[in-house]
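Nothing in this text is a laboratory measurement; each read-out follows from the coordinates by a stated rule. Being a predicted model, the structure only gives us computed values, none of them experimental. Here the Cβ is made from the backbone with ideal geometry for all residues, glycine too, and neighbour counts use every protein chain on show.
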Amino acid sequence: MTSFSRFAPALFVLLWATGFIGAGYAMPHAEPFAFLFVRFALSAVLLLLIIWWWQAKALTPRAAMHAAIAGTMIHGVYLGGVFWAINHGMPAGLSALIIGLQPLVTTLLAGAVLGERVRPRHWAGLAIGFIGVVIVLSPRLGAIGGGVNAATVGACLASVVGISAGTVWQKRFVADADLLTGTLWQYAGGAVLVAVAALLLETGSYRLNGELVFAMAWLVLVLSIGAILLLMYLIRDGVVARVSSLFYLVPGVTAVMAWVLFGEALEPIQIGGIVIASLGVALATRDRRNSLPTGGA
């Protein structure tokens, strides 16, 4: 295992957690699908420049198609569903709890499609991790309001299925592709989906201000480039079921960030939940050599 392989999971969780804060800045000022389309388009332009400078290897037409399908699910369905639900009144805490089902759904899909073997200890880790997520989010679940309905809950559930299926698709069909070029095709697939949704469902209105610009810059550079490339690296070099369990750490890290940056309350029960979720992830991501996996499934 390289030193980067040891460092990459923690860095991924840290970067991914900032996405919820960035989304909170952006959503009051722009419609979700149009915002995501611009985000994906800017990310694709940056990736094209990086690919040209790095002289990254091109994908075969078949690999490009599979990368675009994975991106449609990971970026278009997942982010589109979450942003749309929050924009229509779904409390962020409840949406995060529903998204917390993702490691379990991914593990089931990985077992069925990829034949990954998940030991009882890893199932226990997934269950403990989910309990930790519930505890972390519990102080905010009382704020459930009128935004909770069949449409917003359905959008969150679609997001769970989207990122889970996209992760498995990526591992199954695009694992050996160049990370940079593969991610570019992912954004192409995601951009098409959110563009169609924006044309059919939105008005194209937005308020251009400092918060929107900051949120866009952060989400493009830190999330769409940094975190997504890390996720693709982890999927390529790790076992999907165990990589997905890292998402259990995101709500706790986000809560700590919100406490540091915005002074939001961080209650003792949430700290306990963070510890429990961390223990669950430790169980779910450790193999017999007590190390994160670096080989394929």
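Counting other Cβ atoms within 10 Å of each Cβ, which trypsin sites (Lys or Arg not before Pro) in segment 190-272 have at most 12 and sit in a DSSP loop?
Working: sites: Arg207, Arg236, Arg242; in loops: Arg207.
Sites meeting the loop and neighbour criteria: Arg207.
Any idea what the alpha-carbon Rg over 2.2 N^0.38 Å comes to for segment 133-265? Provide the component values of the computation, followed by the final result.
On the way: Rg = 17.4 Å, N = 133, 2.2 N^0.38 = 14.1 Å.
Dividing the Cα radius of gyration by 2.2 N^0.38 Å gives 1.23.
Please give, to one decimal in nm, the separation of the simple spin-label points placed at Leu199 and Leu261, each 7 Å out from Cα toward the Cβ.
Spacing of the two 7 Å Cα→Cβ label points: 3.4 nm.
Using every alpha carbon pair in segment 199-247, what percent of pairs falls into each 10 Å bin from 0 up to the bin containing the largest distance?
Result returned by the calculation: 22, 29, 27, 20, 2.
Take each uninterrupted DSSP H stretch in the chain, measure its Cα extent along the helix axis, and return the ones at 18 Å or beyond whose mean Kyte-Doolittle hydropathy is at least -1.0. The partial results should precede the final answer.
On the way: long enough: 3-26 (35 Å, 1.19); 32-54 (32 Å, 2.05); 120-137 (26 Å, 1.59); 150-173 (33 Å, 0.93); 179-201 (32 Å, 1.73); 268-285 (26 Å, 1.76).
Span-like helices in the chain: 3-26, 32-54, 120-137, 150-173, 179-201, 268-285.
Contact order normalised by length for the chain, with contacts defined as Cα pairs under 8 Å and 6 or more residues apart; what percent is it? Could you put the intermediate results ahead of the total?
On the way: 474 pairs, mean separation 111.5, N = 297.
Reported relative contact order: 38 percent.
Per residue, what volume in Å³ does the convex hull of the Cα atoms of segment 1-144 enclose?
Details: hull volume 24.3 nm³, N = 144.
It comes to 169 Å³ per residue, whole-number rounded.
Considering the Cα positions of segment 58-208, please state its Rg to one decimal place and its Dmax as a whole number of Å.
17.1, 51
What percentages, rounded to whole numbers, describe P(r) for the chain computed over all alpha carbon pairs with 5 Å bin width beginning at zero?
Bins of 5 Å from zero give 1, 6, 12, 17, 20, 18, 14, 9, 4, 1, 0 percent of pairs.
For segment 1-43, report the convex hull volume of the alpha-carbon atoms normalised per residue, in Å³, without decimals.
On the way: hull volume 3.5 nm³, N = 43.
Here the figure is 81 Å³ per residue.
Taking only the alpha carbons of segment 54-121, what extent do you get along each of the three principal axes, in Å, biggest first?
That works out to 42, 37, 22 Å along the principal axes.
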